[in-house]
Amino acid sequence: MNILKLYQNLTFSRKILVYLTSISLFSLILASLAFIIYDTYSIRHLLVQNLLTNTKDVGATSSSALVFHDQAFASKVLRGLEEDPRIGTACLYLENGSLFASYVRGSESCDNYTSYAKRISKYEFHDKHLDIFTPIFFEESKVGTLYIKSSLHELYLRQNRYILIAFAVMALSFIAAFLLSKVFQKIISRPVLELVKTTKII
């Protein structure tokens, strides 16, 4: 209510300035939010697709190891994921849910989770990491499941960077819009004010 009263007490020219600036600010906020949401969705989608592709390749390579119970070869295949700093855990499960081979980084660990082995190909986002579950097939028969845990640290860094960029662009755009609004305010209000003066004289 106080803001409304302040607006009503403004002069006609200042009301036009506030009106034009408010429209510009609202449009900039909507555009920035749309940009951030779209970028976040795109990054998540690319991350999931990239990891799903990696897990399918690793799963296809390790399928024979599951069939012939070659744990040494399976562990060697999983260690190849060390090149990706996002991946902290890779667990290879047999069809019965028991852990067959694993690769862990730092304090991470693998457990015997039957629920992991029964998963179909899917992914789950958590606060700080992404879970990827990929079934492994050998000659069209499911022989196990590969579980990969990927850190979302890189995703959040990029997301925060985009938010800062969006706010910087919005601030600069708002300043430009404010200056343009002052110009348009003079153009719009001058004829109206002159008409008011003429009316008063008449």
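A residue that is part of a helix (DSSP H, G or I) and at pLDDT 85 or above occurs somewhere in segment 141-153. Within this structure, Leu78 fails the test of being modelled with pLDDT of 85 or more, closer than 16 Å to Phe137 by Cβ, open to solvent by less than 40 Å² (accessible area, probe 1.4 Å) and under 31 Å from the mean Cα position of the chain (by Cα).
When segment 110-124 is limited to residues that are open to solvent by 70 Å² or more (accessible area, probe 1.4 Å) and at pLDDT 60 or above, the one that is farthest from Lys149 (Cα to Cα) turns out to be Lys122. Number of residues in segment 42-60 that are surrounded by fewer than 16 Cβ atoms within 10 Å (Cβ to Cβ), closer than 19 Å to Phe137 by Cα and small (Gly, Ala, Ser) equals 1. Restricting segment 85-97 to residues that are under 14 Å from Leu146 (Cβ atoms) and not in a strand (DSSP E or B) leaves a set whose member that is least open to solvent (accessible area, probe 1.4 Å) is Gly97. Screening Ile165 on (1) surrounded by 13 or more Cβ atoms within 10 Å (Cβ to Cβ); (2) free of Cβ contacts under 8 Å to residues at least 60 places away in the same chain; (3) closer than 30 Å to Lys122 by Cβ shows it passes everything except condition (3).
The values are calculated or read from the model by the stated rules, or taken from the named source; none is laboratory data. In this text the structure is predicted, and so the values were computed from the model without any measurement. Backbone-built Cβ (ideal geometry, glycine too); neighbour counts: all protein chains shown. Accessible surface is based on the protein model in full, side chains and every heavy atom, while ligands, DNA and RNA are left aside. Shrake-Rupley method; radii C 1.70, N 1.55, O 1.52, S 1.80 Å.
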